[in-house]
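A short worksheet on the structure shown next.
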Amino acid sequence: MEASKRIALVAHDSMKEELLAWVRHNAGTLEAHRFWSTGTTGSRIKEACPELEVTALKSGPLGGDQQVGAMIADGGLDILLFFTDALSPHPHDADVQALTRLSTLYNVALATNRTTADFLITSPFFGKSFQPTGGGDGTPAHPDARG
């Protein structure tokens, strides 16, 4: 994992403002990293923080979640920040579960709330090269999934 991290930013509709506030608050720390984000979230982040390199994917329900999942499986992401709304049902909950599963399988750091995201970006490994143990290089961390 290089010093410049590859990070996906995703949020349920009711958590978009929370993610946007977190990104604004941490923009200086995040500038050295690259981002991908689903639909509306990505557009809003690009508008609010033009100094960040953000690639907007499709909206989550229109395939953006699957695009993020493919990036994880291809070894293209180091961190997934997915601010979830745990109190509301979502029609694409299966997509959320798939992203959680893939993040676990490929040893991608996952934060589902602001506190965990804060812990990730304040880690001494955030701005440095880091070699994760077990996966993280595009190969599954779970021995049964390695083929």
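Listed values, structure above:
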quantity	calculated
Mean separation of Cα contacts under 8 Å, 6 or more apart, over the residue count of the chain: relative contact order %	28
Nearest-10 value in Å² for the accessible area of Lys46, using the 1.4 Å probe	90
Rel. contact order, % - alpha carbon contacts under 8 angstrom, at least six apart, segment 10-77	27
Per residue accessible area in Å² of the chain, where ligands, DNA and RNA are left out and the probe is 1.4 Å	51
Mean ellipticity per residue at 222 nm, deg cm²/dmol - from DSSP H runs of n ≥ 4 across the chain, formula -39500 (n - 2.57)	-10500 deg cm²/dmol
Correct option for volume of the Cα convex hull per residue in Å³ [calculated from the coordinates] among (i) 181; (ii) 138; (iii) 101	(iii)
Positive-end residue of His12, His25, Leu52, charge dipole of the chain with Cβ unit charges	Leu52
Heavy-atom accessible surface of segment 1-105: percent carbon and sulfur, 1.4 Å	52
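The values are calculated or read from the model by the stated rules, or taken from the named source; none is laboratory data. Just so we're clear, the structure is a prediction, and the values are computed from it rather than from any experiment. When we count neighbours, we look across all protein chains shown, and the Cβ atoms used for this are built from the backbone with ideal geometry, even at glycine. The accessibility values were calculated without ligands, DNA or RNA, using every heavy atom of the protein model including side chains. Shrake-Rupley method; radii C 1.70, N 1.55, O 1.52, S 1.80 Å.
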